[in-house]
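Remarks on the structure that follows.
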Amino acid sequence: MDFILRVENLNVRLDGEDVLVDLSFDVRKGEVLAILGPNGAGKTTLLKALLGNVPYKGVVEWGEEVRVGYVPQRLPFIKDVPLSVKEFFKLENASENETRGILESIGLGEEILGKRIGDLSSGQFQRILIGWALASDPDVLLFDEPLAGIDIGGQESVYILLERLKGEKNLTILFVTHELSVVYRLADRVLCLNRKMLCKGTPKEMLTSEAISELYASPVRFYQHEHEEG
Amino acid sequence: MSQFLLSLLSGVFIGGAAGFLGTLMLPKRMSLVAGPLGHLALPGIALALVYGFDISLGAFPFVILGIFLIWLFERRTRLPAEALTAVVFATGVAVAFFFLPIEEAEAALVGDILNIKLNDAVFSVALCTLILLIVEKIYSKMTLINISEDLAKSQKINLGKYNLVYLLLIALIVALGVKVVGGLLTAAIVAIPTVTSRNLAKNLSQYKLLALVFGSLSSASGILLSQLTLLPPGPLIIVSSAFLFVVSTVFKR
């Protein structure tokens, strides 16, 4: 089996609190993995650990020469900088040709290049973030809450985009969410998480699993605000 | 070269470089930082005035010492940096007044660009050019860090290295700035041109360019007005800069 990521006994402790305890899982090439769990379950922290952005114990092993693109949940500070879409792509050294190609694949026209990031709709902004992550030509996309804070019309367009990317680019996608509907529609496999691993399986198996009800019924005891910057 | 032209040239370069660097400080909520750093440079400025060397040379080690002390106290005590900054900069001001000759107080507090010497002017212009080049070089990566540290880390950017360079640039611009506007007013030369530019800029290139232009323009205007009114140039530079800001609020996009 062609694994692109192997995680073994991953533990993350932040400010004296166990945020993730003994997680182990693998991801296959081309797979879409949903990471499901309530607020404060450590989902965003898991993505940060996979990126090496927080200290952890255990093994996080990416396949050889795997490039990882990251789509963050929110970027509250981006509005502090008067940045046009074109300039945002330039921050990643994307050439104009590459940028045009990316715009096409995320279904946006070239007229958006001159717009200020702060003036975009939430759906447009989310697609631009996906496009930005695609600019480094990644093999894997790590995606934090793809649909959070997006209006319904925008949500549908992001869904369609993700389904298309999955088909066209043979991307491996790991996404974090707390919405079951996204999981059923997009994911090949699901991890459910509340600090510890509660279940692993296909979305179908999850439907009958008691773990789901357990996941959402149990109160999160140590609620922790994990998005210090989006 | 006439004394006036020397002053004008140095002022324009320092003002422009300060405005340019300020555009990186605004999104980091650090515009005000240059203020306390300028205050705590005062003992160094006082030493320079007593012994007759360039006040930027006197200021720089004290700014670095101040940044180091704030960093050290923060690590030791886990108290908020802004409170520790208050401790450090107030102490700097207090110490300065033990040996600052009273007749030199104006130069120390609001600057003395009209009396800049030739070699100091050459040094300032060269250093400002260097600062402009370095800021331009780190600009994309710093902007990404300002937007999101996680996004920057996912691009394998070494945050520690860039933040260190950025802090050193701030220390340098403060040390140069005290020459123009004194130890009291340094926050203004990085903050005001930047917010003026922010009001008008449609995109990042305009934002950078306009901040540089407004910084230079305010310096030129203050120094020229000083010739006409015989008032000190430092405060006139700040007032010119504030005037441009007020005008920009009318045209804010």
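Some values worked out for this structure:
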| read-out | value |
| --- | --- |
| Residues being more than 17 Å from the chain's Cα centre (by Cα), buried (at least 24 other Cβ atoms within 10 Å of the Cβ) and under 14 Å from B:Val135 (Cβ atoms) - total across the range B:152-185 | 0 |
| Search result, residues across the range B:96-117 that are in a helix (DSSP H, G or I) and within 15 Å of B:Ser56 (Cβ to Cβ) | B:Ala107, B:Ala108, B:Ile113, B:Asn115 |
| Residues (within 14 Å of chain B (Cβ to nearest Cβ) and in a helix (DSSP H, G or I)) located in the range A:127-162 | A:Ile128, A:Leu129, A:Ile130, A:Gly131, A:Trp132, A:Ala133, A:Leu134 |
| The lone exception for B:Ile157 - which of (1) modelled with pLDDT of 95 or more; (2) aliphatic (A, V, I, L, M); (3) part of a loop (DSSP other than H, G, I, E, B) it fails | (1) |
| Tally, over the range B:1-24, of residues that are hydrophobic (A, V, I, L, M, F, W, C) and surrounded by fewer than 24 Cβ atoms within 10 Å (Cβ to Cβ) | 7 |
| In the range A:167-179, residue modelled with the lowest pLDDT [restricted to those that are under 22 Å from A:Glu92 (Cβ atoms) and surrounded by fewer than 22 Cβ atoms within 10 Å (Cβ to Cβ)] | A:Lys169 |
| Qualifying residue in the range A:202-217 (condition: in contact with a Lys or Arg (Cβ under 7 Å, 6 or more places away or on another chain), farther than 30 Å from A:Val85 by Cα and modelled with pLDDT of 75 or more) | yes |
| Test result for B:Thr186, within 14 Å of chain A (Cβ to nearest Cβ) and in contact (Cβ under 8 Å) with a residue 40 or more places away in the chain | no |
| Subset of the range A:47-70 [farther than 14 Å from A:Val27 by Cα, in contact (Cβ under 8 Å) with a residue 40 or more places away in the chain and out of contact with any helix residue (DSSP H, G or I) (no Cβ under 7 Å at 6 or more places or on another chain)] | A:Pro55, A:Lys57, A:Gly58, A:Arg67 |
| So A:Val32, is it more than 9 Å from chain B (Cβ to nearest Cβ) and either under 30 Å from A:Glu205 (Cβ atoms) or in contact with a His (Cβ under 6 Å, 6 or more places away or on another chain) (or both) | yes |
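The rows are residues; the columns are (1) surrounded by 16 or more Cβ atoms within 10 Å (Cβ to Cβ); (2) within 27 Å of B:Tyr139 (Cα to Cα); (3) among the aromatic types (Phe, Trp, Tyr).
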{"site": "A:Pro38", "(1), (2), (3)": "yes, no, no"}
{"site": "A:Gly42", "(1), (2), (3)": "yes, no, no"}
{"site": "A:Lys57", "(1), (2), (3)": "no, no, no"}
{"site": "A:Pro72", "(1), (2), (3)": "yes, yes, no"}
{"site": "A:Val81", "(1), (2), (3)": "yes, yes, no"}
{"site": "A:Glu87", "(1), (2), (3)": "yes, yes, no"}
{"site": "A:Leu91", "(1), (2), (3)": "yes, yes, no"}
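The values are calculated or read from the model by the stated rules, or taken from the named source; none is laboratory data. If you're wondering where the values come from, they're calculated on a predicted model, not measured in any experiment. In this analysis, Cβ positions are derived from the backbone assuming ideal geometry, glycine residues included, and neighbour counts consider all displayed protein chains.
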